[in-house]
Amino acid sequence: MVIAIGVLLWVVGLVLLFNVGGAADAVIGRVTSRSLGELAPGFAASRTGFRVYAVLIGDIGVAVAGLGIAPSSPALGAGLLGLGVIGFLVGSVIAIVGEVRTYQALKR
């Protein structure tokens, strides 16, 4: 079950990353481009920002799949878990920098 959840998250990340069936356009148009109360739309409202967040979803999926695979194949599971965590950390830094730059640009 854990492997299935990980694979599902990874597939959702890919679908959003590659805009399969206009999924990314729909999410940007209906969710990320709208204000959250007093907060203006941020980095995720841009195509680049949305791709970063789609990769983060995929990274979570890889890490979760690694956790599910680890009991039967420790080396593969640990590798996938490590890959997912490292990818998530790098992507998080990129997303934070993008959000800060977007926020600073709004204040001018």
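The table below gives the values:
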{"quantity": "Quotient of C-alpha Rg and 2.2 N^0.38 Å, computed over the stretch 40-92", "calculated": "1.34"}
{"quantity": "Long-range amide H partners of Asn19 with built H, under 5 Å", "calculated": "Ala24"}
{"quantity": "Residue of Ala75, Ala65, Ala24 that the Gaussian network model of the chain assigns the largest fluctuation, springs spanning Cα pairs under 10 Å", "calculated": "Ala75"}
{"quantity": "Selected from Phe18, Phe88, Phe50 as most flexible by GNM, with the chain as the system and alpha-carbon contacts under 10 Å", "calculated": "Phe18"}
{"quantity": "The chain: most fluctuating residue of Leu56, Leu81, Leu89 per GNM, C-alpha cutoff 10 Å", "calculated": "Leu89"}
{"quantity": "Accessible area of Ile94 in the full protein assembly, 1.4 Å probe (Å², nearest 10)", "calculated": "90 Å²"}
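The values are calculated or read from the model by the stated rules, or taken from the named source; none is laboratory data. Just so we're clear, the structure is a prediction, and the values are computed from it rather than from any experiment. Ligands, DNA and RNA are excluded from the accessible area calculation, which covers all protein heavy atoms including side chains. Shrake-Rupley method; radii C 1.70, N 1.55, O 1.52, S 1.80 Å.
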